[in-house]
Amino acid sequence: MKKKWDIRIPQILAVPIFFIVLLFAVFKTSAQECPALVSPVDGTTLVPADTSISWEAVTGVPGYIISLGTTTGGNDILNERNVGTATTFTLETGLPESTEIFITITLFFFNQPNIVCDSQSFTTAALSEVPQCVLSTFPANDALDVNSTTNISWSAAPSATGYFLSLGTTLNGSEILTSTDVGNSLNYNPPIDLPSEAEIYVTIIPYNRIGVASNCSTFMFTTAPEAVLPICTTMISPVDGETNVQLSPTLDWNPVPNATGYRVSIGTSPFETNILEDAIFFKTSTVIIDFEPNRTFFISIFPFNDAGEAIGCAQETFSTALGCGPYFDPLSGELLVLNPILTFPDSVSICIGNEFDVITATDEADGYRWFQLDERGNETLISTSSEVSINEEGEYIYEAYLNIEDSEQTFECASSKTFQVEISQAPEIEDVKVQISANSLNYEVITTTNGNYEYALDNENGPFQNSNRFNNISLQNHTVYVRDKAGCGIAERLIEQDLTVNGFPNFFTPNGDGINDFWQFIPPVETGENNVSVIFIFDKFGSLLAQIAPNTTGWNGNLNGKALPESNYWFKAIATNNKIIKGHFNLKR
């Protein structure tokens, strides 16, 4: 079966032109077959006027639009009726007799142009007998408390081409409406309200060119006390015929002043209410959270009050977009999305000196895209794999996506985030400032650059700290380590602390804590040789305070049993070769 391409359908107007062209090209290469008529078969003759039209289901097609006319591609009988996924259609009023009927089936799509198939045709038979009587009406026979503003509607009579209608307040009477030809219509709106609290008799007589039906029964219903029915409402969002509707939309409709509530039904075809059936709302909006993507939905809203329900309200439609969620999971009661959940960090560091730093995706996905952003926010695609090489700092976008198959179509569900790339480098220690206190040392580590560094003492494996200061550390040699947090390198330096001058301490702290409580000559570590025979200690005025030998514990900072104050004190040592060594030290408490 040949096919035509219709690129005028409004569903694609919001899609960028280049995307339309791409989809058009892709779709054209995977040609979509149009369905053949199943009943009546193309070219059939003598088809009954009340026949139902059916066609083959086409795999991957989410919906069908039907037009009927008396010429090829014509729509003078029926103009583009959206029937959803149904593959059968019956014209409510029947088909004209002895006429070649052309049916045009349009394949409806969400993410590409619709396909208008070539028309197929069949010829109806001539009428051979008068029509049968109408079998049912609305209001139903013997119905009670019917609103006086009601419309009258009835089922189609096979082979009827028109109907005579009369209304009365007595059996077979016509006090309200004398017998009137209402044409090939299935409903009638009385120009004035029917009398309240009255029995209303309805006589409907079908006719065609052969003649009129005979012996048709009169239907009767009783009207309610006088009241005013609400009028019909219309959708605000989504509007009738809207496409690309989100999967969890808020449905809004226009309020009706005298309505006390609204009865809402939603289905996936004009004849179903499989999504929502006669749900009652007392407001003009509701959220739906379980719509499927790529489907057409049919919604009917009937305002009601104490007088009854609005009459003759039209069905409206909307179509959902290709979607990634959220979907409502009835088992868990949670909303589910098909987009990957990203764990990629907000910032990434690269090291100076590396020609290219390779950054790897942290998430499982079917595909990846990496973009660089310039100062104006323009995106440049730089990689489509799970890795990307970056050698300059700035702002970038990371995107991961999953390929989702639905209705034999594949589409992407993507998640993305913006991240910063920062340049880092291996640290260099410029200096370590040392402060000597009474019983401990304080270090301040100075680096040549202010990088994102962390610091440790005496152990390359840490623990590391963010502060570059170490306080109250022991009076001995230490090694400091500086590590770049981005892994760009580590630096170290040994700090050798000489606390003496030629073996004579710079200070001592006779405070009884067991540390540096005595001042005494310390032989060199290299030789351990004691080359001093005697040491004299003086105050700043030159008064002799103590005389000590090198092989004793040393001076405790007392004079005649009394502790001397904090101050500078002087010493004179006589070496074994009679050399005199002089200096001073500090007493701290």
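Every read-out reported here was derived from the displayed coordinates using simple, explicitly stated rules and does not represent laboratory data. Please read all numbers here as calculations on a predicted model, not as lab measurements. Methodologically, a virtual Cβ is constructed for each residue, glycine included, from the backbone with ideal geometry; neighbour enumeration extends over all protein chains shown.
Would you mind ranking Glu422, Glu375, Glu242 so that the residue whose beta carbon has the fewest other beta carbons within 10 Å leads the list?
Least to most surrounded, the residues fall as Glu375, Glu422, Glu242.
Based on the inverse mean of 1/r over its pairs of different Cα atoms, what is the Kirkwood hydrodynamic radius of the range 151-293, in Å?
It is 18.6 Å.
Under a point-charge model restricted to the Cβ atoms of Lys and Arg (+1) and Asp and Glu (-1), what is the dipole moment magnitude of the chain relative to its Cα centre, in debye to the nearest 20?
Value, rounded to 20: 2340 debye.
Amide H of Arg493 versus every other amide H placed in the peptide plane: which residues, excluding those fewer than 5 positions away on the same chain, fall under 5 Å?
Excluding prolines and chain starts, which carry no amide H, the hits are Val480.
Between the range 239-268 and the range 105-143, how many Å separate their Cα centres?
That distance is 26 Å.
Would you be so kind as to identify which of Gly377, Asn442, Gly561 lies farthest towards the positive end of the dipole of the chain, taking Lys and Arg as +1 and Asp and Glu as -1 on Cβ and the Cα centre as origin?
The residue sitting most towards the positive pole is Gly561.
Report the per residue volume, in Å³, of the convex hull enclosing the C-alpha atoms of the range 429-495.
Residue-normalised Cα hull volume stands at 75 Å³.
If only Cα atoms are counted, what is the Rg of the range 415-467, and what is its Dmax, in Å?
16.1, 60
Once phi is turned into ³J(HN,Hα) by the Karplus curve 6.51 cos²θ - 1.76 cosθ + 1.60 with θ = phi - 60°, what whole-Hz value does each residue of the range 86-96 show in order, with x for glycine and proline?
Karplus values, whole Hz, x for Gly and Pro: 5, 10, 9, 9, 10, 6, 4, 8, x, 9, x.
Please report the projected area of the range 501-587's Cα convex hull averaged over all directions, in nm².
5.7 nm²
What residues have an amide H closer than 5 Å to that of Thr44, excluding those fewer than 5 places away on the same chain, when H is modeled at 1.01 Å from N in the peptide plane?
Sorted by chain and number, the residues that satisfy this are Thr123.
Taking Rh as the Kirkwood radius, which is the inverse of the mean 1/r over Cα pairs, what is the Rg/Rh value for the range 27-107?
Values: Rg = 12.9 Å, Rh = 13.3 Å.
That ratio is 0.97, to two decimals.
Quick check on the exposure proxy: order Leu545, Leu381, Leu107 from fewest to most C-beta atoms within 10 angstrom.
Leu381, Leu545, Leu107
Rounded to whole Hz and in sequence order, give me ³J(HN,Hα) for the range 568-585 from the Karplus expression 6.51 cos²θ - 1.76 cosθ + 1.60, θ = phi - 60°, writing x for Gly and Pro.
8, 10, 10, 9, 9, 10, 10, 7, 5, 9, 6, 6, 9, 10, 10, x, 9, 8
Compute the acute angle (0 to 90°) between the alpha-carbon long axis of helix 17-29 and the principal axis of greatest extent of the alpha-carbon atoms of the chain; round to the nearest 10°.
70 degrees
Sort out for me the Cα centre separation of the range 384-402 from the range 442-519, rounded to whole Å.
Centre-to-centre (Cα) distance: 41 Å.
Search the structure for amide H atoms under 5 Å from the amide H of Ala426, placed 1.01 Å from N in the peptide plane, and list their residues when 5 or more places away or on another chain.
The answer is Ile352.
Tabulate in residue order the Karplus-calculated ³J(HN,Hα) for the range 197-209, using 6.51 cos²θ - 1.76 cosθ + 1.60 with θ = phi - 60°, rounded to whole Hz; enter x for Gly and Pro.
With coefficients 6.51, -1.76 and 1.60, one gets 6, 9, 7, 10, 10, 10, 10, 10, 10, x, 8, 8, 5 Hz.
So, how do all the Cα-to-Cα distances of the chain break down into 10 Å bins, in percent, from 0 on up?
Histogram of Cα-Cα distances, whole percents per bin: 3, 11, 13, 14, 11, 8, 7, 6, 5, 6, 5, 4, 3, 2, 1, 0.
By the scheme Lys and Arg +1, Asp and Glu -1, what is the net charge of all other residues having a beta-carbon under 14 Å from that of His584?
With Lys, Arg at +1 and Asp, Glu at -1, the net is +2.
What is the sum of charges, Lys and Arg at +1 and Asp and Glu at -1, for the other residues whose Cβ falls under 13 Å from the Cβ of Asn442?
For residues surrounding Asn442, the net value is +1.
By the scheme Lys and Arg +1, Asp and Glu -1, what is the net charge of all other residues having a beta-carbon under 9 Å from that of Thr161? Present the calculation step by step, with values, prior to reporting the outcome.
Details: positive: Arg209; negative: Glu97.
Spelling it out: positives minus negatives among the neighbours equals 0.
How far is it, in nm, from the label point at Ser386 to the one at Asp539 when both lie 7 Å from their Cα along the line to the Cβ?
The answer from the label model is 8.1 nm.
Arrange the following residues from fewest to most other Cβ atoms within 10 Å of their Cβ: Arg295, Arg209.
Arg209, Arg295
For the pair Asp240/Val41, report the inter-label distance in nm, with labels modelled 7 Å from Cα in the Cβ direction.
Each label point lies 7 Å from its Cα, and together they span 4.0 nm.
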